[in-house]
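Colleague: Below are the structure tokens for one structure; questions will follow.
The values are calculated or read from the model by the stated rules, or taken from the named source; none is laboratory data. Everything quoted here is computed from the prediction, not taken from an experiment. In this analysis, Cβ positions are derived from the backbone assuming ideal geometry, glycine residues included, and neighbour counts consider all displayed protein chains. Areas reflect the complete protein model, heavy atoms only, side chains present, ligands, DNA and RNA absent. Shrake-Rupley method; radii C 1.70, N 1.55, O 1.52, S 1.80 Å.
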Amino acid sequence: MVEPLTVPARIPQPYLHLDNRGFVMFDGNRCVMFAGNTLGWVRETIELLLEEKRATRHRGDHFLGGMVSDDGQTVTLYGGPADALATLDVSVDGLGTIRNQLR
């Protein structure tokens, strides 16, 4: 029999994470993952967003998109299923770094 155990934990700050297994978005409330086999589509969507200053695309039941702020410094990025999108603000430079890593 396993003895009861409680380990303290806390909610992390919002983040974007990329590795060969996928692209993860956490907005402090929701977490969404785009699996490794969709990374080409994620890259294309991010490139479109940075070039045209806005984008919304979907693949299956997942959406990815956003818009660049008027001052060109911040991107509001959203992704996930339509009824549970994760949404966060990230610097244009930060999203550009992710795009470059996807190339």
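Colleague: So who's got an amide H within less than 5 Å of the one on residue 63, skipping anything under 5 residues away but keeping other chains? H placed 1.01 Å off N, in plane.
Modeller: Long-range HN contacts for residue 63: 80, 82.
Colleague: As I understand it, the dipole of the chain uses +1 on the Cβ of Lys and Arg and -1 on the Cβ of Asp and Glu, about the Cα centre. Which of 92, 39, 69 lies farthest toward its positive end?
Modeller: Highest projection toward the positive end goes to 39.
Colleague: Which residues in the range 37-55 place their backbone N less than 12 Å from a point set 7 Å from the Cα of residue 103 along the Cα-to-Cβ direction?
Modeller: 47
Colleague: Additional query: Calculate for the chain the 222 nm mean residue ellipticity that helices alone would give, adding -39,500 (n - 2.57) per DSSP H run of length 4 or more and normalising by residue count, nearest 500 deg cm²/dmol.
Modeller: -7500 deg cm²/dmol
Colleague: For residue 74, list long-range residues whose amide hydrogen, built 1.01 Å from N in the peptide plane, is under 5 Å from its own amide hydrogen.
Modeller: 69, 92
Colleague: How large, in percent, is the carbon and sulfur part of the accessible surface of the chain at a probe radius of 1.4 Å?
Modeller: Ligands and nucleic acids excluded, carbon and sulfur reach 50 percent.
Colleague: Quick one: if you take sqrt(5λ) for each eigenvalue of the C-alpha gyration tensor of the range 1-93, what semi-axes come out, biggest first, whole angstrom?
Modeller: Values: eigenvalues 166, 52, 27 Å².
That gives 29, 16, 12 Å for the three semi-axes.
Colleague: Please get the size of the charge dipole for the chain, origin at its Cα centre, with Cβ charges of +1 on Lys and Arg and -1 on Asp and Glu, quoted in debye to the nearest 20.
Modeller: 240 debye
Colleague: Write down the accessible area per residue of the chain in Å², having rolled a 1.4 Å probe over the full set of protein chains.
Modeller: 66 Å²
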